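Okay, so here's the structure we're looking at.
Taken together, the values in this text are just the output of simple stated rules run on the coordinates, not laboratory data. From a predicted model like this one, the values you see are computed outputs, not experimental measurements. Here the Cβ is made from the backbone with ideal geometry for all residues, glycine too, and neighbour counts use every protein chain on show.
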Amino acid sequence: MIELSNISKKFGQTPVLENLNLMVKPASRTVIVGPSGSGKTTLLRILAGFETPDSGRIMLSGKTLFDENTFVPAHQRGIGFVPQEGALFPHMKVGDNIAYGLHGSKHENRRRVAELMELVSLDSQLQHHWPHEISGGQQQRVALARALAQEPVLMLLDEPFSALDTGLRAATRKATAELLAHAGVASILVTHDQHEALSFASQIAVIRNGRFTQVGSPIEVYSQPVDEDTALFLGDALIFSAQVNGGFAHCILGNIPADNPQAAGEKRIMLRPEQVIISALNSDAENLNAVTISDVDFTGYLSTLTLSSPVWPAPLQVKTISQQNWRVGMPVKLAINGHACVLAD
Ligand SMILES: Nc1ncnc2c1ncn2[C@@H]1O[C@H](COP(=O)(O)OP(=O)(O)O)[C@@H](O)[C@H]1O
Ligand SMILES: [Mg+2]
């Protein structure tokens, strides 16, 4: 439905976006995730029509929005935009914020505002309030209702939940995903929060320094990241060296099936901590090379264990679900679930 080809943008001499390609399917949810300053907002502003790329092409539903000869202005694109912050007009009541940009009669607009407020689960009484009189979560829904008023085929959301605290954030994220699905609107959401990205997306594009390092499903980018930076950006990871051949990675944790049967030689491999199953070792079986717990950092539901072995070059830190019996000095045995991801050189 929307297709970006070779989008590049410089501010002055500084390249901010380089050769971005992306396809977004109708009614799907794409998340662009990357650290602050990686170019996410710039990309959304280009899609919305508030910024012009230096080169490339943008197509929406078969129509060219941008190429070397074409620039469709923002208000003719059929794209909704919920900006990063200060989304609402502070001097307009909630109802007027939502009605901004509606062109019907007063009566029609009132009916439409009521409809939109219901769609985003806002009590219709709130339309008479000022933005500062409602909560952050409600303000976010008002901004969404205002963008939905234009009946866009694509909705752009720039870190829409970042001002909300954790619980409200998850609930608002879920509600937004559901209402966009219900309205049949495709979305591109931008965030620096990997949990938000993995939870909201059907497709994730990881951006770093203005380039997409990887585009795929959440489970793909999480379990098979292309490189070390991408792996670490998306969550906790155990990364170490291995001798890879014949579809197996030989490493300090033993012989682990590798995700890439073609890979061979000295490689870096990655495991997610939940792949490492740690259990108590019967200490009767005297084993000088046993792995022992050398530190426990208890944080409630999760603990970070430091594991050591005389035959390892360095200790290993693993975040795992807490268990009451863990003690420093305790011997443990490790089992690995699933495949090791072989990282690119
Ligand atoms: N209008 C502008 N003029 C010059 N530099 C800009 C402008 N907008 C953004 N930048 C720079 O472009 C880079 C990417 O910014 P931005 O797209 O806002 O990143 P993100 O949203 O991922 O944090 C940053 O280095 C930022 O300073
Ligand atoms: Mg930004």
For segment 2-228, give the share of DSSP beta bridges that are antiparallel, in percent and rounded to the nearest 5; count only bridges with both residues there. 55
With θ set to phi - 60°, apply the Karplus curve 6.51 cos²θ - 1.76 cosθ + 1.60 along segment 252-265 and write out the HN-Hα couplings as whole Hz, x wherever there is a Gly or Pro. 4, 8, x, 10, 10, x, 9, 6, 10, x, 7, 5, 8, x
When Lys and Arg each count +1 and Asp and Glu each count -1, what net charge do the other residues less than 15 Å away from Val31, Cβ to Cβ, add up to? +2
Order by protection proxy (mean Cβ within 10 Å, highest first), peptides 190-200, 264-274: 190-200, 264-274
If you take every DSSP beta bridge whose two residues both sit in segment 236-342, what share of them, in percent to the nearest 5, is antiparallel? 95
Within segment 50-123, GluC sites (Glu not before Pro) in DSSP loop having at most 16 other beta-carbon neighbours inside 10 Å: Glu68, Glu85
Give me the percent relative contact order of segment 213-306, please, defined on Cα pairs under 8 angstrom at least 6 residues apart. 19
Give a residue-ordered list of calculated ³J(HN,Hα) values for segment 329-337 (Karplus: 6.51 cos²θ - 1.76 cosθ + 1.60, θ = phi - 60°; whole Hz; x for Gly, Pro). x, 6, x, 9, 10, 10, 10, 10, 9
Excluding same-chain pairs closer than 8 in sequence, count the lysine pairs in the chain whose Cα atoms lie under 22 Å apart. 9
Based solely on its DSSP helices, what 222 nm [θ] is calculated for the chain when runs of n ≥ 4 H residues each add -39,500 (n - 2.57) and the sum is averaged over all residues, nearest 500 deg cm²/dmol? -7000 deg cm²/dmol
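With r defined as the distance between the Cβ atoms of Arg327 and Ser135 and R0 fixed at 41 Å, what FRET efficiency is calculated, to the nearest 0.05?
That pair, Arg327 with Ser135, gives E of 0.35.
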Which of the listed residues, Ala181, Val215, Gln203, is farthest toward the dipole's positive end in segment 166-218, when Lys, Arg count +1 and Asp, Glu count -1 at the beta-carbon? Val215
Sorting Leu47, Ala280, Cys251 by the position of each Cα along the dipole of the chain (Lys, Arg +1; Asp, Glu -1; all at Cβ), the one nearest the positive end of that ordering is Leu47
Give the order of Ile239, Ile134, Ile204 when sorted by the count of other beta carbons within 10 angstrom, beginning with the fewest. Ile239, Ile134, Ile204
As I understand it, the value is the acute angle between the Cα axis of helix 136-148 and the longest principal axis of the Cα atoms of the chain; what does it come to in degrees, rounded to 10? 60
Hey, what's the per residue convex hull volume over the C-alpha atoms of segment 236-342, in cubic angstrom? 96
When the Cα atoms of the chain are enclosed in a convex hull and the volume is divided per residue, what value in Å³ results? 170
Please list 3J(HN,Hα) in residue order for segment 214-224, calculated via the Karplus relation 6.51 cos²θ - 1.76 cosθ + 1.60 where θ = phi - 60°; whole Hz, with x for glycine and proline. 7, 10, x, 6, x, 5, 5, 5, 6, 8, 10
